[in-house]
């Protein structure tokens, strides 16, 4: 489970930007780490990841780290994820549908310098 959450957070940080300019700014992982997640953001991450992991362990057990990464990308409809061919076709379809049910999230930097959804 820890590996799943860690890879989910890693994907969230490198695929999100700080929005400091019109081009979107810098990727969050350039200036922020998991330690910069607000407590409520981390709690949401843990709850969503635990739910997804528990419900799909049989499909993801062969590559838990990749699954955490793909859960973030797929739920936010990035250009890759469970559906892009790295998972068996039916498994990828099932995991994609499940990810989309969690809805999209966007990280942003709060006035206190912490990361929120």
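Every number here is computed from the coordinates shown, using simple stated rules; none is lab data. The model shown is predicted, which means the values in this text are computed figures rather than measured ones. All Cβ positions, even for glycine, are placed from backbone atoms using ideal geometry, and neighbour counts span all protein chains on display.
Some points to look at:
- Estimated [θ] at 222 nm from DSSP helical runs (n ≥ 4, -39500 (n - 2.57)) normalised by residues in the chain, nearest 500: -17000 deg cm²/dmol
- Order of 45, 9 under a 10 Å beta carbon neighbour criterion, fewest first: 45, 9
- Alpha-carbon centroid distance for the pair the range 65-117 / the range 1-64, whole angstrom: 9
- In degrees, nearest ten, helix 39-60 long axis to first principal axis of the chain (Cα): 20
- Extension gain, residue 90-residue 111: 0.36 nm per intervening residue step, less the Cα-Cα distance, totals 3.3 nm.
- Degrees between helix 64-75 axis and first principal axis of the chain (Cα, 0 to 90, nearest 10): 70
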